[in-house]
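Read the structure below first, then the notes.
The values are calculated or read from the model by the stated rules, or taken from the named source; none is laboratory data. All figures in this text were calculated on a predicted structure; none of them were measured in a lab. Heads up, the Cβs are rebuilt from the backbone with ideal geometry, glycines too, and the neighbour counts pull from every protein chain shown.
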Amino acid sequence: MLLTNQVAIITGGAGLNGLGFATARLMAAQGAKVAILDLERANPAAAAALLGEGHLGLVADVTDKASCEAAAAAVLKAFGRIDTLVNNAGITQPVKTLDISGADYDRILDVSLRGTLYMSQAALPAMRAQKGGSIICISSVSAQRGGGIFGGPHYSAAKAGVLGLARAMAREFGVDGVRVNSITPGLVETDITQGKLSDEKKAEISETIPLARLGRPADIAGACVFLASDLSGYCTGITLDVNGGMLIH
């Protein structure tokens, strides 16, 4: 197994049809002890229980620095180390540029960008102390192509900010053995897309993708396991496109 004896934290991981939970499930299957972090209403403890014995579900708000620090401390108390952090928590909003309010902007950027910073800050001291770790930041193809199907421009901006933040952290913490990489998923079928795309629209989009299908949460999970494992031991500061080829350039 690729992640034997590793400890992984996944933010925004309690949604059973989401990228975070798919990643949690695959990491657990590869031998990791997993801590799922999410808001109370998402019931992260129940999601963690579905992974089997020995995993952890914690209520945490990534937009609150103290909450992130408390979650990291709880993981260290339970497992003694933090090997991988998947900054997966994020929200979106389908509005146009002229319709974005200040509150909209703050809300979207707080979760995706501020949350990535705060949770990374919480996990990095343990990773530096053990001279190793992997931080995986979930961005989006919308950051690269200037918009997506469901996210507004402020979502694209937040996810582009994630890419810049990840690269900067990769430069800063490489000397400590900490790798920081990003994944840019394409359109993935999750709860966010359910009921919002007709079968005809899905077929139309699929025709524009070289692999001729929309993404699945398991596609992103596999990339996360790769970036968490020693297979990617010489990768840091990279952006890994997982989009079926929709952004070949």
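Specify which of the listed residues (ARG179, ARG171) is within 27 Å of LEU2 (Cα to Cα), out of contact with any helix residue (DSSP H, G or I) (no Cβ under 6 Å at 6 or more places or on another chain) and not in a helix (DSSP H, G or I). If you could, list the steps in order and put the result at the bottom.
Values: ARG171 fails: not in a helix (DSSP H, G or I).
Of ARG179, ARG171, the one residue that is within 27 Å of LEU2 (Cα to Cα), out of contact with any helix residue (DSSP H, G or I) (no Cβ under 6 Å at 6 or more places or on another chain) and not in a helix (DSSP H, G or I) is ARG179.
Scanning segment 76-91 for residues that are more than 14 Å from the chain's Cα centre (by Cα) and touching a residue at least 12 places away in the same chain (Cβ under 8 Å), we see that the one that is surrounded by the fewest Cβ atoms within 10 Å (Cβ to Cβ) is GLY80.
Selection of segment 143-199 for residues being modelled with pLDDT of 80 or more and on the phi > 0 side of the Ramachandran plot yields GLY146, GLY177. Of all residues in segment 224-237, exactly one satisfies the criterion of being over 13 Å from LEU3 (Cα atoms), crowded, with 16+ Cβ neighbours inside 10 Å and of a type outside the set (S, T, N, Q), namely GLY237. Tell me which residues, restricted to segment 210-223, are surrounded by fewer than 18 Cβ atoms within 10 Å (Cβ to Cβ), on the phi < 0 side of the Ramachandran plot and part of a loop (DSSP other than H, G, I, E, B). Selection gives PRO210, LEU211, ARG213, ARG216. Residues that are hydrophobic (A, V, I, L, M, F, W, C) and without any contact (Cβ under 8 Å) to a residue 12 or more places away in the chain are absent from segment 177-189.
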